[in-house]
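Quick notes on the structure that follows.
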Amino acid sequence: MDVYISDILLNAPFEIVVLTALIVLVLESTRGTRPNISSWTSIGGLSLAAVAALTNLGASVETFGGMLQSGGFANYYGALFCISAVMTILFSRNYFERQNYHRGEAYILLLFATLGMMVIAASNDLIMIFLGIELMSICLYVLAGLFRHRDRSNEASLKYFLLGAFATGFLLYGIALIYGSTGTTNIASIRTAFPHVSHDLLFLTGSGLLLAGFAFKIAAVPFHMWAPDVYEGSPTPISGFMSTGAKAAAFAALIAVFSRVFGPSENAVHQIIALIAAASMIAGNVVALAQSNLKRLLAYSSIAHAGYMLVGLAAGTADGQIGVMYYLAVYALMNLGAFGIIGALETENDQNLQMDDYAGLSEREPVLAACMAVFLFGLAGFPPLAGFFGKYYVFLAAVKARLLWLAVIGVLASLMSAYYYLRIIVFMYFEKTKAESVPISVPMSVRWTVIFCAVLVLLFGLFPSVIVQTVLRVLF
Amino acid sequence: MISASLLSMTIFLPLAAAAVILLFIPKENVLFVKYAGLGGTFITFFFSLFLYFGYDSAAGGFQFHQKIQWIPNLDISYHIGIDGLSLLLILLTTFLTPLALLGTWNSIQVRIKEYTIMVLLLEVGMLGVFASLDLFLFYIFWEAMLIPMYFIIGLWGGPNRIYAAVKFFIYTLSGSLLMLVAILSLGYFASTLPQGHYTSNLLELYRIAPMIPPDWQMWMFLAFGLSFAIKVPLWPFHTWLPDAHVEAPTAGSVLLAGVLLKMGTYGFIRFNIPLFTDAALRAVPYVCTLAVIGILYGALVAMVQTDIKKLVAYSSVSHMGFVVLGIFSMTEEGMQGAVIQMINHGLSTGALFLLVGMIYDRTHTRLISDYGGVAKLMPVFAACFLIVSLSSIGLPGLNGFIGEFMILFGAFQSPFLGTHAYTVFAALGIILSAVYMLWMYQRVMVGPVRQNALYGGHHLNDLSRREICVLVPVLIFIVWIGVYPKTFLRLSAPLAKQTIERVESIKMGEKINFTELRNVR
């Protein structure tokens, strides 16, 4: 296999992230842990990678002998992952310091996890997808258990690892079956072979297993059981990263495999995706209604959001893909922001995470409360915030694909979700501060990151075309 | 160019004022915040006057058009424009908002900055709803407006405010989310036509609407209709209203009753009837039955209320029933009467809530049984209250009469209702309204002065100069519409005529062959 200079140039974002990760790794291992230097180096490298990705949003080109598909599609996701990672690090710095656990290794793991996600989004081969998922997941297993001395964190890590390993098994078995029926793992070749194998039991079983593996990664019902415990037990900014970055990566893989291979034709896989979507929207929102721990609540809400996004995939059309890609970007902003605020207000030993701890927050922290309200209204899908247009687009795709029932379930599920998002706002704005609540000082870097997210949520809601046009350019 | 963006400027002026207050005025400087808010709403009012004088009512139709591409691949644009109906409601909004702020000048004591900003944002939402000619844009304003109202009730409301705020929010949302699906389906339908594409442009949808197959029409009519019925509120979807009204602060109640409820009836006229005419015709008996039940039920429940504000709230259910009856009588008179009654209700109920708020500020009670003989202590207040009550009852010479008369006239001669029973029962509602309003007036205003701890000890001051300034403009319009309604009727006449012509043409059976149309594709 020949490797050309152009391949290396086209994949610049990857190389920047790899280099940064290696530099941080060397720094950490030779000089003892220096979290400050490590974190800023990581932020610098990731920002550079994000810029590199954003400057190349053109058509996709096959590189490295058809293993990768570099260009717009990969870079759109690449930028999304890098920006999510930068925000996660900005939140983590302060968070780990206050939890008395500030070490550089977290950033190395974050960098490698980001790299794994980028590989997934750029794969043009099932094996590459598998490699990317493993790279991402193994880093995330460790990140979940970063607080070695806490039972919750250990539980999260172990649970994530065991169930994740199981899902990986599904994934690999699915790939094997698809290989068995088509004789290739290259996605483009599978697509060419699709008309001949579309009713082949081996191929369909393989696709089903693949779907199950991906559904685990995006935490869709019925493969969602790990999410609440893992999100609750992991360090808060890491939970945010898992719920946005890891989810977006798995969605990139879903689009790459299912939309590219199956196309818009009506078939069993799309029906199954529609059912998973409906189940996720309903189950996620119903269970979230009963939560009082905010991390757990957002975990269930993220299950529901996976459902909304799957609606776009169930449609199987270009509209659906555009909707999902828009949704992923704005969902990352909203959810990272929300987890960032929760992390900033969390005190030692998982305290200050209950809903009633937020009573009167608007008096104590007016800016953070306002931003939180923006994220929550956005997640609930309220115009003119960005979450609304995401839902509009995926439901539009569903209606156009004659899945009206799915759109109706979707809006009814959103109605339910409005209730629990509003409850947090009720506590923040309408309740009085509790006497025993501890004052918390939130550093400026966290504040500005949160404000930045909130402003973007508003702007992308008012001008969704900015993202939509980019996505259109990348996809076609 | 100026005239093209005049409408946009009117809509977004309150937003600019809110931004200035948010960014530049410290919250300690309470008076400055109040003046900035009041100034912003006043300037908005003056801008809307330019719209009034610039609008060519002889020509009719949508004027002050502005269309800017927004999301090109879905044919969504920032598309606004107003016809006579929109203009009237925009004027009502810009007129009531400054009065609501001025009328509650001293009632709000905490978080005044946030309060002023919320009222301004609410105004933006209301104006936007009335001016949108794009369903996506309409939906954004329609929903976005819930957020400030939610905060107004929840932050500055009465003891049960959280329950009322959440109920208001969830209730309204449940209706509008189904409307969203209908909006999507409507756009999708446009894309299934030959050479069609997905669109949310209202004028384009008006053109293709008659081609929508009847069963689709019915579902979409129901989805839009539920959303509007909740907002109006049509019986049995009214239960959020008494809670929201009683708990909301005075300005919230004024704007809720004065403007927000009109958005429901506006929606019926703007969307349900012209878009889904066939379904609307089939729905006439059902909707009118609900309207008449609402008229009687609202009046009867109002009669037994012990809380003045709750009484006024239930009277709204009754009065809005009239408006719906007028609209669905599908006659020009009925439609015209409904439009004028929307304005009337905004003025008189708005004024009633202001008056209740004024006396509540003094005594901190709204129970009818706590009052008695107020007229002796506050003669000016009692006089204003009497005029507004009479207007609400529908005394000839005041505004209420015109609207109710035209609605009953329309319902009586409507070819779609088939029976005069609707008119008979609706007329009964007017009698009941006299009963509950006058009975309340009698118990509160006349009779011996109550000697209780609430206000027996100290003297009740009559209205201040500020409060009179708030009420006089409303009273002027109450008399104006009562004596010379033509000023306002001429604005809504073309729309009423046009809508009824559309209805007639559908009724005449210009049936379109749907299967043929579908097959072209």
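Inter-chain neighbour count for B:135-144: the average number of beta-carbon atoms from partner chains within 10 Å of each residue's beta-carbon is 3. Rounded to the nearest whole Hz, the Karplus-based 3J(HN,Hα) values (6.51 cos²θ - 1.76 cosθ + 1.60, θ = phi - 60°) of the stretch A:361-367 follow the sequence 4, 5, 7, 7, 9, x, 5, with x at glycine and proline. Here the Karplus relation 6.51 cos²θ - 1.76 cosθ + 1.60, evaluated at θ = phi - 60°, turns the backbone of the stretch B:313-320 into coupling constants of 4, 5, 5, 5, 4, 5, 5, 5 Hz, with x for every Gly and Pro.
For A:N352, the residues 5 or more places off, or on other chains, whose built amide H falls under 5 Å of its own are A:T347. Taking the average, over residues, of other Cβ atoms within 10 Å as the packing measure, peptides B:342-353, B:9-20 rank B:342-353, B:9-20 from highest down.
Along its principal axes, the stretch A:264-476 has C-alpha extents of 59, 34, 27 angstrom, given from the largest down. Check B:D307: other-chain or 5+ apart residues with amide H under 5 Å from its amide H, H built from backbone geometry? The list, which skips near neighbours in sequence, is B:I368. Listed values for the stretch A:8-21 are Karplus-derived 3J(HN,Hα) couplings in whole Hz (6.51 cos²θ - 1.76 cosθ + 1.60, θ = phi - 60°), namely 5, 5, 5, 9, 3, x, 4, 5, 4, 5, 4, 4, 4, 4, and x replaces Gly and Pro.
Considering only B:V166, A:S465, B:A382, the residue lying farthest towards the positive end of the dipole of the protein assembly as shown is B:A382, judged by Cα position with unit charges set on Cβ. Projecting the Cα atoms of B:P213, B:V503, B:P236 onto the charge dipole of chain B, computed from C-beta unit charges around the Cα centre, puts B:P236 farthest toward the positive end. Using the alpha-carbon centroid of each, what span in Å lies between the stretch A:193-230 and the stretch B:212-226? Comparing the Cα centres of the stretch A:193-230 and the stretch B:212-226, I get a distance of 37 Å.
For peptide B:171-181, the mean count of partner chain Cβ atoms within 10 Å of a residue's Cβ comes to 5.
Work out the P(r) tail for the stretch B:87-165: percent of alpha carbon pairs separated by more than 16 Å, whole number. Value for the stretch B:87-165: 56 percent of Cα pairs lie more than 16 Å apart. Once the Cα atoms are used to define both axes, helix B:146-156 deviates from the longest principal axis of chain B by about 10 degrees. Here chain A was treated as a single set of alpha-carbon atoms; its pair distances binned every 20 Å from 0 give 26, 60, 14, 0 percent.
For a 23 Å ceiling on Cα separation, which of these pairs sit above it: A:K434/B:K310; A:K217/A:K295; A:K295/B:K231? Among A:K434/B:K310; A:K217/A:K295; A:K295/B:K231, the Cα-Cα distance tops 23 Å for A:K434/B:K310; A:K295/B:K231. For the stretch B:2-520, a simple Cβ point-charge model (Lys and Arg +1, Asp and Glu -1, everything else neutral) yields a dipole of about 860 debye relative to the Cα centre.
How big is the charge dipole of the stretch A:264-476 about its Cα centre, in debye rounded to the nearest 20, if each Lys and Arg gets +1 on its Cβ and each Asp and Glu gets -1 on its Cβ?
500
Which Cα, out of B:F32, A:N56, A:Y160, lies furthest along the positive dipole direction of the protein assembly as shown (beta carbon charges, K/R +1, D/E -1)? Most positive-ward Cα: B:F32. Here the peptides B:132-140, A:278-286 are ranked by packing, the mean other Cβ count within 10 Å, and the order with the highest first is B:132-140, A:278-286. Taking the alpha carbon gyration tensor of the stretch B:365-461, multiplying each eigenvalue by 5 and rooting it gives semi-axes of 37, 13, 8 Å, largest first.
Coordinate range of the alpha-carbon atoms in the stretch A:218-301 per principal axis, descending: 42, 24, 14 Å.
Residues whose amide H comes within less than 5 Å of that of A:Q69, counting only those at least five positions distant or on another chain, are A:T63, A:S123, A:N124 (H built at 1.01 Å from N in the peptide plane).
Peptide A:363-375 shows a mean partner chain C-beta count of 1 within 10 Å per residue C-beta.
In terms of Cα atoms, the Rg and Dmax of chain B work out to 22.6, 82 Å.
In terms of overall dimensions, the C-alpha atoms belonging to the protein assembly as shown reach 95, 72, 48 Å along their principal axes, ordered largest to smallest.
Any read-out appearing in this document is the output of simple, stated calculations on the displayed coordinates, not a laboratory observation. Computed from a predicted model, the values in this text were never measured in an experiment. Cβ coordinates were reconstructed from backbone atoms using ideal geometry, including for glycine residues, and neighbour counts include every protein chain displayed.
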